[in-house]
Amino acid sequence: MIAFVFPGQGAQKVGMGRSLADTFPLCRDTFAEADAAIGEPLSTLCFEGPEDRLMLTENTQPAILAMSTAVARLVVARGLTPRFAAGHSLGEYSAHVAAGTLSFADALRTVKRRGRYMQEAVPLGEGAMAAILGLDADRVAQACADVANGQVVTPANMNAPGQVVIAGHADAVARASVRARELGAKRAIPLAVSAPFHCALMKPAEDRLAPELRALPASHPAFPVVANVDAQPKRTAADAIEALVRQVSAPVRWEDVVTRLIAEGTTTFVELGPGSVLAGLIKKIDRGVTVFSIEDERGLDAALERISGQSSTDADV
């Protein structure tokens, strides 16, 4: 059984999607649709940069969504159909576009504002994130609680066994990183991010985004999307929207999401969008599953050959 999974912020890179748009009219049309929805040349930003503009959160989020949707449409046109889907943080929006919960245009405009709201929630430099390696989630939470001292610092991404990202006030994140090493962490790596995502400091962004999300036209997903906030499959429009609202300030429970997808019968994960970060995490969670990452024609060919024996030589979609 196949599940589609979609990457989040951090997977972006200049040049993403260009070869697909050059080769496949369907992908080219998807980027043109994104340009029209946003009202600016998002495709040029993806294909050519500049990198500093692509890295701005309010640009990064729609850019990754556009890239992931172009790949997903191509894969579906080639005959792959998922039984479930999920996405890491921003990627949950890509999953809901693929499932038909949200229109592509509405999702693009929403994530652009989401990125801006998240950036504006905390003044630059006041927040931070760090990856804690080699320590289980409970001990990471303990490290945060031990040194919070009235500030915010909590687990933000539970990505895989021994890989937890923390977020909060910059001073508290630094203290928690030291404490985590004292508790046995192998490494604590500061992350180059513009805001402390998925922690209580993002509540102002959540409050701004919530009414906009709830006002969007939404349909029941064509296939369930397992949510970041609780690792539960969302089968109705209302449940899907509420999960997206809560997601802004809640931790991403990616390890639980993958575990739930496997429990539902998923044996093959297909990562759609730039990079292969999710493939690596999924393999750390369960080495017994099959994972493909598709961001270009070569990845598409490899996946189709293994999954269904199809070929992508007909570039007429």
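The values are calculated or read from the model by the stated rules, or taken from the named source; none is laboratory data. These numbers were taken from a predicted model, which means no experiment stands behind them. We place every Cβ from the backbone using ideal geometry, glycine too, and count neighbours over all the protein chains shown. We work out accessible area using only protein heavy atoms, side chains counted, and drop any ligands, DNA or RNA first. Shrake-Rupley method; radii C 1.70, N 1.55, O 1.52, S 1.80 Å.
Tabulated data
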{"read-out": "Residues satisfying the stated conditions in the range 88-147, i.e. of a type in the set (A, V, I, L, M, F, W, C), in a loop (DSSP other than H, G, I, E, B) and touching a residue at least 60 places away in the same chain (Cβ under 8 Å)", "value": "Leu90, Ala99, Leu102, Val122, Leu124"}
{"read-out": "Condition check for Ala11: closer than 30 Å to Glu264 by Cα, open to solvent by less than 20 Å² (accessible area, probe 1.4 Å) and at pLDDT below 95", "value": "yes"}
{"read-out": "Residue tally, condition in contact with a Ser or Thr (Cβ under 6 Å, 6 or more places away or on another chain) and under 16 Å from Gly273 (Cα atoms), over the range 31-51", "value": "1"}
{"read-out": "Filtered residues of the range 113-140 (kept if open to solvent by 30 Å² or more (accessible area, probe 1.4 Å) and more than 18 Å from Ile189 (Cβ to Cβ))", "value": "Arg113, Arg116, Gln119, Glu120, Pro123, Leu124, Gly125, Glu126, Asp138"}
{"read-out": "Long-range neighbours under 7 Å by Cβ, at least six apart or interchain, first residue under 12 Å from Arg109 (Cα atoms) within the range 208-220, second open to solvent by 50 Å² or more (accessible area, probe 1.4 Å)", "value": "Leu209/Arg113; Glu212/Arg113"}
{"read-out": "Evaluation of Leu213 against (1) in contact with a Ser or Thr (Cβ under 9 Å, 6 or more places away or on another chain); (2) open to solvent by 10 Å² or more (accessible area, probe 1.4 Å) (one fails), failing number", "value": "(2)"}
{"read-out": "Ala315 being at pLDDT 95 or above, part of a loop (DSSP other than H, G, I, E, B) and open to solvent by 30 Å² or more (accessible area, probe 1.4 Å)", "value": "no"}
{"read-out": "Set Ala263, Ala215: member being modelled with pLDDT of 95 or more, within 21 Å of Met1 (Cβ to Cβ) and not basic (Lys, Arg)", "value": "Ala263"}
{"read-out": "Condition check for Arg175: touching a Gly at 6+ places or on another chain (Cβ under 8 Å), at pLDDT 95 or above and either more than 24 Å from Ile285 (Cβ to Cβ) or open to solvent by 10 Å² or more (accessible area, probe 1.4 Å) (or both)", "value": "no"}
{"read-out": "Residue within the range 182-197 that is on the phi < 0 side of the Ramachandran plot, modelled with pLDDT of 95 or more, open to solvent by 10 Å² or more (accessible area, probe 1.4 Å) and among the polar types (S, T, N, Q) present", "value": "no"}
{"read-out": "Filter result for the condition that a residue is touching an Asp or Glu at 6+ places or on another chain (Cβ under 7 Å), touching a residue at least 24 places away in the same chain (Cβ under 8 Å) and in a helix (DSSP H, G or I), over Ser68, Ser43", "value": "Ser43"}
{"read-out": "Count of the range 48-71 residues which are under 11 Å from Val14 (Cα atoms) and open to solvent by 40 Å² or more (accessible area, probe 1.4 Å)", "value": "6"}
{"read-out": "Qualifying residue in the range 18-38 (condition: outside any helix (DSSP H, G or I) and within 22 Å of the chain's Cα centre (by Cα))", "value": "no"}
